[in-house]
Amino acid sequence: MPSRRHQIAVLVVRAARLKHAFSSEASLAKSIAKSRPRDAKRRRVPRYVTKRCNVTTTSSPGFPIVILTPRAPSRGTMVFSHGGAYIGELQSIHWRFCAWVATTLNLTVHVPLYPLAPEHTWRETIPPLTTYCEQLVSRGQVVLAGDSAGGGLTLAVARRLVDAGHSPTAVVLISPWLDATADDAEVHAAAATDPLLSVPGLLVAGAMWAGTDDPADPNISPLKGNLSGLPPTMVLTGTRDLLNVDAHRFTAAATAASVDVTMVNEPGLLHDFPLFPIPEGAKARAQIGDFITARFDAAS
């Protein structure tokens with residue numbers, strides 16, 4: 001049964017009316033316009049992160065990437081792509097998760113501040129980010145990770161890296177959004193109990209990220225692409241999340257393609273629960289740490 005703190009988190013999400021923002025094209029457009037004046041502040045690295053990590057920034061891909069380096073010797077690298085339906089900036093839960101990875105797992109964390117839709121599309125992010133990740137892979141062990149839309153971005157980049165012969169060590173997908181077309185009836189059914197997301201807004205956001213391309217393109221909906229050859233992958237999902245359907249479809253398809261998949265499926269938990277300051281989130285983060293450590297050790 002979900003904890004009391006999880007129940008409070010659901011109430012906070014409901015009070016923020018985030019689901020309403022995804023209820024229609026008009027509501028989403030209004031939400032984007034409201035958030036843009038706050039975006040610069042959200043991109044700034046919070047003080048609680050700078051106090052715990054060494055922070056630098058590079059713009060070599062054509063957009064900023066913040067690098068959090070642990071003060072203890074680094075054991076490897078994580079590239080973490082944040083969620084936000086491709087239209088929203090990082091939130092505090094993203095920064096806190098990245099700081100946790102750097103300080104608890106002693107990994108150097110690269111956080112792409114990629115350009116957002118609708119002003120920009122996947123074409124301005126995925127190719128240059130792939131090239132950037134190729135350089136990291138050539139220097140050592142790298143795990144690609146992302147939540148929600150960042151999970152879709154992560155899987156699309158992983159696919160390109162594998163095809164180019166530069167496979168990362170592992171992939172971690174947190175409540176991933178892997179199909180921008182939402183063409184599964186189960187997704188619509190699951191939306192009824194999701195306190196955060198709605199299908200109409202996701203469809204619009206996916207089309208914005210696609211630009212002039214088909215949202216079914218595997219760069220935008222990587223669940224529709226080739227999954228064979230992917231590195232060991234961990235998927236974390238809760239059943240009170242309409243994207244739980246994507247997680248199950250990916251796990252089934254990837255397993256059929258002989259990918260080593262570890263799935264964490266938590267009954268009654270909301271979207272992105274591993275990032276929340278709740279008992280279930282702490283447990284999930286520990287599982288992520290164990291997964292990464294095991295894969296790095298195996299690859300050594």
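Laboratory data are not the source of any read-out in this text; all were calculated from the coordinates shown. Please read all numbers here as calculations on a predicted model, not as lab measurements. Counting neighbours? That spans all protein chains shown, and the Cβs are built from the backbone with ideal geometry, glycine included.
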Q | Cα centroid of region 40-109 to Cα centroid of region 168-217, whole Å | A | 24
Q) To the nearest 20 debye, what is the magnitude of the charge dipole of the chain about its Cα centre, counting +1 on the Cβ of each Lys and Arg and -1 on the Cβ of each Asp and Glu? A) 1540
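Find how much the distance from R123 to A185 grows on full extension, using 0.36 nm per residue of separation minus their present alpha carbon separation; answer in nm with one decimal. Write down the numbers at each step before the final one.
On the way: separation 62, 0.36 × 62 = 22.32 nm, distance 2.88 nm.
Full extension of this stretch gives 19.4 nm more.
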**Q.** Cross-link reach list, lysines versus K34, counting only Cα pairs under 24 Å and skipping chain neighbours closer than eight places
**A.** K19
(Q) Applying a 10 Å radius around every beta-carbon, put 48-61, 197-210, 245-258 in order of their mean neighbour count, most first. (A) 197-210, 245-258, 48-61
Q: Compute the Cα gyration tensor for region 1-105, then decide on rounded, prolate or oblate, letting a ≥ b ≥ c be the square roots of its eigenvalues: rounded whenever a/c is under 1.5, prolate when a/b is larger than b/c in the other cases, and oblate in all that remain.
A: oblate
Q) So, in nm, how far is label T193 from label S24 when the simple model puts each one 7 Å beyond its Cα toward the Cβ? A) 2.8
Q) Which far-off residues, 5 or more places away or on another chain, put their amide H under 5 Å from the one on I278, with H placed in the peptide plane? A) none
Q. What residue among P115, A282, A256 has its Cα farthest toward the positive end of the dipole of region 58-299, where the charges are +1 on Lys, Arg and -1 on Asp, Glu, each on the Cβ?
A. A282
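How do the peptides 37-45, 232-240, 67-75 rank, highest first, by the average count of neighbouring beta carbon atoms within 10 Å per residue?
Details: 37-45: 12.3, 232-240: 23.6, 67-75: 15.1.
Highest mean packing first, the order is 232-240, 67-75, 37-45.
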Q) For K283, which aspartates and glutamates qualify as cross-link partners when the Cα separation must be under 14 Å and same-chain residues fewer than eight apart are set aside? A) E266, D272
Q: Would you kindly state how much longer the chain becomes between R47 and A72 on full extension, computed as 0.36 nm times their sequence separation minus their alpha carbon distance, in nm to one decimal?
A: 7.1 nm
**Q.** For the chain: span of alpha carbons on each principal axis (Å, largest first)
**A.** 46, 41, 41
